[in-house]
1. By a straight-distance test (C-alpha under 20 Å), which aspartates and glutamates pair with K14 as possible cross-link partners, with residues fewer than eight away in the same chain excluded?
2. Would you mind calculating the gained length between N55 and S255 on full extension (0.36 nm times residue separation, minus the Cα-Cα distance), in nm to one decimal?
3. Could you state the number of Å between the C-alpha centres of the stretch 168-239 and the stretch 1-48?
4. Return the FRET efficiency for the residue pair I164, S70: r is the Cβ-Cβ distance, R0 is 35 Å, and the value is rounded to the nearest 0.05.
5. Anyone know which of V111, V125, V222 comes out most mobile in the 10 Å Cα GNM of the chain?
6. Please name whichever of N264, V241, A226 sits farthest to the positive end of the charge dipole of the stretch 216-277, dipole taken about the Cα centre and charges placed at Cβ: Lys and Arg +1, Asp and Glu -1.
7. Local charge sum around S56 (other residues, Cβ-Cβ under 12 Å, Lys/Arg +1, Asp/Glu -1)?
8. Taking the chain as the reference, fit the longest principal axis to its C-alpha atoms, fit the long axis of helix 280-293 to the helix C-alpha atoms, and give the angle between the two in degrees, 0 to 90, nearest 10.
Amino acid sequence: MIVQVDNLTKKYKKEWVLQGVQFEINHPQIVAIVGPNGSGKTTLFNCMTNLLSINSGTIKVLEKDYKDTSLFYDVSYLQDNRILYENLTAYDHLQFVCSVMKQPSTKIVEVAKRVGMESYLKKPVQKFSLGMKQHLLLAMAIINNPKLLLMDEPLNGLDPSSAINMRKILLELYEEGTTIMISSHNLDEIDRLTNTIFFMKDGQILEESLKNYNMKQYFLNVNNLAQAKDKLNELSVSYTVNKDDQVVFYDNETSFQDVLIHLNQNDVLVEDIDIKRIGAEKRYLELFERTVSE
Ligand SMILES: Nc1ncnc2c1ncn2[C@@H]1O[C@H](COP(=O)(O)OP(=O)(O)OP(=O)(O)O)[C@@H](O)[C@H]1O
């Protein structure tokens with residue numbers, strides 16, 4: 001067991017933010033935590049790392065109670081950049097983390113290279129851009145090869161190539177056996193990283209595999225719509241016809257190839273094909289549409 005959270009509740013003064021959070025992670029994976037602003041993602045991470053007291057419930061991490069101080073060596077938490085010291089260099093920060101994590105200082109250059117921050121390793125943080133600070137936070141979080149890595153909005157301020165590099169590093173860590181819990185509002189990036197998403201709604205977690213949402217949706221323009229409908233009915237394909245007279249269907253039942261072959265053999269000409277992927281954004285809108293439009 002990597003994480004087990006049972007009936008976790010947390011309130012600030014009168015506001016209940018976590019209202020019975022419940023989930024388990026039993027094997028190494030990348031899990032995204034997604035939810036509107038203020039839904040409690042940071043609060044959940046802060047509770048899991050014992051930075052905040054909880055009101056009720058239990059949290060177990062790597063088979064231990066979350067308050068067990070030995071977890072410090074195996075769990076990293078990438079928080080926002082207010083934890084950085086403006087007057088210290090990136091090297092100073094990494095040296096400090098190395099010493100408390102009992103890691104050799106040779107790791108500093110190694111991790112700086114991996115993250116792509118060698119050129120400003122010796123500069124003070126006050127001269128850093130937002131993205132440079134994110135690089136340093138990432139380097140600090142992975143220098144000890146954690147078993148569990150919690151990341152609160154790590155993509156903030158990253159340019160496209162840095163975001164691609166971060167994705168590469170996270171996928172490598174996952175391959176090496178690290179479990180990553182990442183909160184982000186960047187649903188495209190989440191789609192690229194994982195299809196396991198915990199949606200935070202009403203102080204609870206809705207745990208979903210987005211496999212269904214990663215289906216492809218096909219839009220066909222055909223020369224003879226009536227004939228096409230007849231032939232699709234023969235194949236028992238579930239389809240709809242949209243306002244542009246396109247035949248729309250998903251790839252979960254009959255394969256796309258079979259549909260094309262059947263139409264072609266029955267003199268229906270497919271003139272154009274558009275393919276869309278249904279991802280996390282669609283599910284997010286279904287769950288939070290009112291919140292989004294408010
Ligand atoms: N220290 C605090 N004192 C009082 N209320 C707080 C405190 N920290 C957070 N809250 C409230 O708890 C709720 C959840 O906040 P939290 O930061 O956990 O949400 P979040 O999902 O991480 O949001 P975002 O996506 O904006 O980062 C919000 O309503 C927030 O105002």
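Read-outs: derived from the displayed coordinates by stated rules, not from any lab. These numbers were taken from a predicted model, which means no experiment stands behind them. Note that we place each Cβ from the backbone using ideal geometry, even for glycine, and neighbour counts take in every protein chain shown.
1. Counting by Cα, and skipping residues close in sequence, K14 has these aspartates and glutamates nearby: D202.
2. Details: separation 200, 0.36 × 200 = 72.00 nm, distance 5.05 nm.
Additional length available on full extension: 66.9 nm.
3. 23
4. Working: r = 35 Å, r/R0 = 1.00.
Step by step, r from the Cβ atoms, then E = 0.50.
5. Largest GNM mean-square fluctuation: V222.
6. Positive-end residue among those listed: V241.
7. +1
8. That helix lies at roughly 80 degrees to the long axis.
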